[in-house]
Amino acid sequence: MAGAEKRNITKSKIVNYIINHEATSKVELSKDLNLSMPTVLSNVNELLANGIAVETGEYESTGGRKAKRISINPAYRYAVGIRITAKHAGFVLVNLNYEIEKYERIRLEFSTEAAYYLQLSEALERFLSDVENRERILGIGISIPGIVNSKERMLIKSHALQLENYSLSFLEQIFSLPVYFENDANAAMMAEDLNNYRNALYLSLNNTLGGAFCIDGKLIPGANQKAGEFGHMILVPGGKKCYCGKQGCADAYCAASVLTDDTKETLEQFMKKVEEKDGQAVKVWKEYLNNLAILISNLRMAYDMDIILGGEVGGYLADHMITLGKKVMEYNGFEHDARYLKVCSYKREASAVGVAKHYLQAFIKTL
């Protein structure tokens, strides 16, 4: 390995460590990353001099000189994430500390017409209108429901958008910044810290149900970019018709739309009814959790790894994990707890955050 490449890797490790900790010290960096103190001092001093890292106070003294608290300068770089669905578009601005600076969701029905691209471009411009230092934005990540070939800029198939073999280059051309495309469930998994989840799968419980998984910290796309299509596994043979045309798919029982389509209300409104113990809402919710428990049990048996519950429903599950865990254990006689169930890190627009992080992580690798 060349010296410059080795230095880049070391610096990237230090930056990622600082990002994943609210604050740290040089001693902590040396100990936890197994780096010599001269190496840490050299890299941290360079990060401080360039404004990438900042000193944010001091730790309590343990007898000697107080150690400086070191944090990332979140405003050093930004990236934009856009989540496209059949009916909406969600926008996030994410800083170098992987924090959402701004968020907005608008109703915008997807279309391949030029008017749609213009509306999307104008909506993004309005979203960024009050952002200072626009030159610090690295790029725009776009998450799309469907099988995406990122390198070829192709949407291979999307039942949700009713498209097949569709070139995404038209969408790319409306923006002045670099653009990256990814499947929405893969993008949501990318929003998680894959250093913590070395082996895990992600259930994206949005209006359509998607999934993704990583092994040894690397996202597995599959031979044909179809890995993780858990929404179209058969959960109930001969059951409800799925939008894909099959009957009994997990999507027809575990997508967020299952909770809201009959009433035409928002998920937030539905969950408020559950909280208020509305009889019909509670009944629907219990049935939903039971179906979700069956799906989770099947996935656990197949993959034997942590399962992250994300998407719009995932954002509400923190208060229902005990109930869900008990239901899962009813279907899994091989384990005595469900500690492998995890709640997603981002409660809103995780897919948009994930595609935005693509640019931030690529930037960190070049330091």
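The values are calculated or read from the model by the stated rules, or taken from the named source; none is laboratory data. None of these values were measured; they are calculated from a predicted model. We place every Cβ from the backbone using ideal geometry, glycine too, and count neighbours over all the protein chains shown. For accessibility, only protein heavy atoms count, side chains too; no ligands or nucleic acids. Shrake-Rupley method; radii C 1.70, N 1.55, O 1.52, S 1.80 Å.
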List the trypsin sites (Lys or Arg not before Pro) within the stretch 137-233 that fall in a DSSP loop (any state other than H, G, I, E or B) and whose Cβ has at most 13 other Cβ atoms within 10 Å. 151, 198, 226
When the charge dipole of the chain is computed with +1 at the Cβ of Lys and Arg and -1 at the Cβ of Asp and Glu, the Cα pointing farthest to the positive end, of 150, 222, 106, is that of 222
Please list, by residue number, every one of the GluC sites (Glu not before Pro) in the stretch 1-47 that is coil in DSSP and has at most 14 other beta-carbon atoms within 10 Å. 22
Over the stretch 172-211, give the accessible area per residue in Å² for a 1.4 Å probe, as an integer. 32 Å²
5 Å is the cut-off here: which amide hydrogens, built 1.01 Å from N in the peptide plane, fall below it relative to residue 56, excluding neighbours closer than 5 in sequence? 69, 70, 71
Too-long pairs where the Cα-Cα distance tops 20 Å, listed order kept, from 218/365; 13/102; 87/342; 6/151; 157/226; 240/286: 13/102; 87/342; 6/151
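Quickly estimate the mean residue ellipticity at 222 nm for the chain, helices only: each DSSP H run with n ≥ 4 gives -39500 (n - 2.57), and the total goes over all residues, rounded to 500.
Calculated from helices alone, the mean residue ellipticity at 222 nm is -11000 deg cm²/dmol.
Compute the signed sum of charges (Lys and Arg +1, Asp and Glu -1) over the other residues within less than 15 Å, Cβ to Cβ, of residue 210.
Working: positive: 83, 157, 226; negative: 182, 184, 192, 229, 251, 312, 349.
Around residue 210, the surrounding residues sum to -4.
Over the stretch 20-159, what is the percentage of antiparallel beta bridges among all DSSP beta bridges, to the nearest 5?
80 percent
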Could I have the simple spin-label model distance between residue 223 and residue 118, label points 7 Å from Cα toward Cβ, reported in nm to one decimal? 4.6 nm
Can you tell me the length gained on complete extension of the stretch residue 298 to residue 152, counting 0.36 nm per residue apart and subtracting the Cα distance? 49.2 nm
Of all trypsin sites (Lys or Arg not before Pro) in the stretch 41-86, the ones in DSSP coil with at most 10 other Cβ atoms within 10 Å are 65
Selected from 37, 233, 271 as most flexible by GNM, with the chain as the system and alpha-carbon contacts under 10 Å: 37
